[in-house]
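The values are calculated or read from the model by the stated rules, or taken from the named source; none is laboratory data. Only a predicted model underlies this, so the values are computations on that prediction, with no experimental measurement involved. Here the Cβ positions follow ideal geometry from the backbone for every residue, glycine too, while neighbour counts run over all protein chains shown.
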Amino acid sequence: MTGDPSHGEPLTPGDYSNHLLEQVPELGDIADVDSRVVCNLDSSDIGPVHWKDLATTVAREYRKFDGFVIIHGTDTMSYSASALTFALEGLSKPVIFTGAQRPLAAIRTDARRNLLDAVELAPRDIPEVGVCFDGLLLRGCRSTKSNAHDYRAFDSPGCEPLARLGVDIQISQHLRWPGMPFRCDARFDPHVLSVQLTPGFQAGLLKSILRAESSLKGIVLSVFGVGTVPTLDSKLSDVLCEANERGVVVVATTPSSGRIDFGQYLNSRPLLDAQVIPGGSMQMEAATTKLMHALAVSSSEEELRMYMEWNVAGELA
């Protein structure tokens, strides 16, 4: 990113990826670095089309490199990292997202450290998509942006970092190793709506969207606690059942740290009745991108549900 918001200059996408070794010459001491510009956008403009471009670029160059570093804006980095987790099956090399809270040219920038850390991890035996930030490598499909003003911008609730970069580099023992040959399937269906329940939620609003948007195929519903919803008014239950009858797939996630469990409370019953899929420990980012991927690659509702309930890359637990 370029610009300096502290001096009234808005941040815009930077164009330094073609000159990395000029600006960070230490990279050449760590690895033999080559670069590609896939897109140069503010991350709030990045979506399924760009995830496909990123994934297919990695797949096309897969045999040429030991690992990959993707420089990405922070706002939607966890969405992109999650998307590539599901698109790149059987991954046996690191695909590491990184970025910065302050521009590379700024005083006290974190860009240099994050980039050096990511490149140092990229040749290592880490067969996952990760987010490298502030000395931590997080599992991409468990990451979420948690702070807009701190150098530790990302967290992975309930999931220990894949690596810690201090004086030494400590690699975690809970890496997930591939159980199938590498292949890329970067199809995503964007017809997914994400909704967060709040006290007093008006189910009629969701019903209006459901009936007005015939192209809607999936809903990621952020519920309370381990999976509860309001039950004093039956409207939400009716809307969820209507969605199920229309073939709209609903996945439940929780903003709390922990797992979705429909068996603990009576107020989970409407979710069970509507055949809502429990989202385990998935963050909103992972649930949304996984559902988009499942809708695109599944040939039947049964296959889609099996995929959503399969712990593909550690996103569910």
Cross-chain or 6+ apart pairs with Cβ under 8 Å, the range 52-73 first and of a type in the set (K, R), then not in a helix (DSSP H, G or I): K52/A186; K52/R187; K52/F188
Search result, residues across the range 289-313 that are in a helix (DSSP H, G or I) and either buried (at least 23 other Cβ atoms within 10 Å of the Cβ) or of a type in the set (A, V, I, L, M, F, W, C) (or both): T289, K290, L291, M292, H293, A294, L295, A296, V297, L304, M306, M308
Neighbours by Cβ (under 8 Å, 6+ apart or cross-chain): first from the range 232-244, more than 18 Å from L266 (Cβ to Cβ); second surrounded by 15 or more Cβ atoms within 10 Å (Cβ to Cβ) and among the polar types (S, T, N, Q): N244/Q275
Qualifying position, being touching a helix residue (DSSP H, G or I) at 6+ places or on another chain (Cβ under 8 Å), outside any helix (DSSP H, G or I) and crowded, with 19+ Cβ neighbours inside 10 Å, among V33, V69, V38: V69
Qualifying positions in the range 92-109 - surrounded by fewer than 21 Cβ atoms within 10 Å (Cβ to Cβ) and either within 20 Å of A294 (Cβ to Cβ) or modelled with pLDDT under 95 (or both): R102, P103, L104, A105, A106, I107, R108, T109
Check on D155, touching a strand residue (DSSP E or B) at 6+ places or on another chain (Cβ under 9 Å) and either of a type in the set (V, I, T) or more than 24 Å from K93 (Cβ to Cβ) (or both): yes
Filter result for R187 (within 30 Å of D53 (Cα to Cα) and touching a Lys or Arg at 6+ places or on another chain (Cβ under 8 Å)): yes
Flag if D155 is modelled with pLDDT under 95 and either outside the structural domain of S299 (by TED's automatic domain parsing) or within 17 Å of G67 (Cα to Cα) (or both): no
Residue in the range 83-91 that is modelled with pLDDT under 95, in the same structural domain as H174 (by TED's automatic domain parsing), in contact with a Ser or Thr (Cβ under 6 Å, 6 or more places away or on another chain) and farther than 19 Å from V33 by Cβ present: no
Test: residue in the range 110-130 that is part of a strand (DSSP E or B), at pLDDT 95 or above and in the same structural domain as T76 (by TED's automatic domain parsing): yes
Among (1) on the phi < 0 side of the Ramachandran plot; (2) over 21 Å from the mean Cα position of the chain (by Cα); (3) outside the structural domain of E89 (by TED's automatic domain parsing) - the single one K217 does not satisfy: (2)
Any pair with Cβ under 9 angstrom, 6 or more apart, that starts in the range 259-271 at a residue that is among the acidic types (D, E) and ends at one that is part of a helix (DSSP H, G or I) and surrounded by 14 or more Cβ atoms within 10 Å (Cβ to Cβ): D261/S268
Residues of the range 250-308 satisfying the condition of being closer than 23 Å to V49 by Cβ and among the acidic types (D, E): E285
Index of the failed condition, F97 passing every other in (1) in contact with a His (Cβ under 6 Å, 6 or more places away or on another chain); (2) among the hydrophobic types (A, V, I, L, M, F, W, C); (3) within 20 Å of D42 (Cβ to Cβ); (4) assigned to a helix (DSSP H, G or I): (4)
Residues that are polar (S, T, N, Q) and closer than 20 Å to G258 by Cβ, drawn from the range 133-151: S143, T144, S146
Residues of the range 101-133 classified as at positive phi and in contact with a strand residue (DSSP E or B) (Cβ under 6 Å, 6 or more places away or on another chain), total: 0
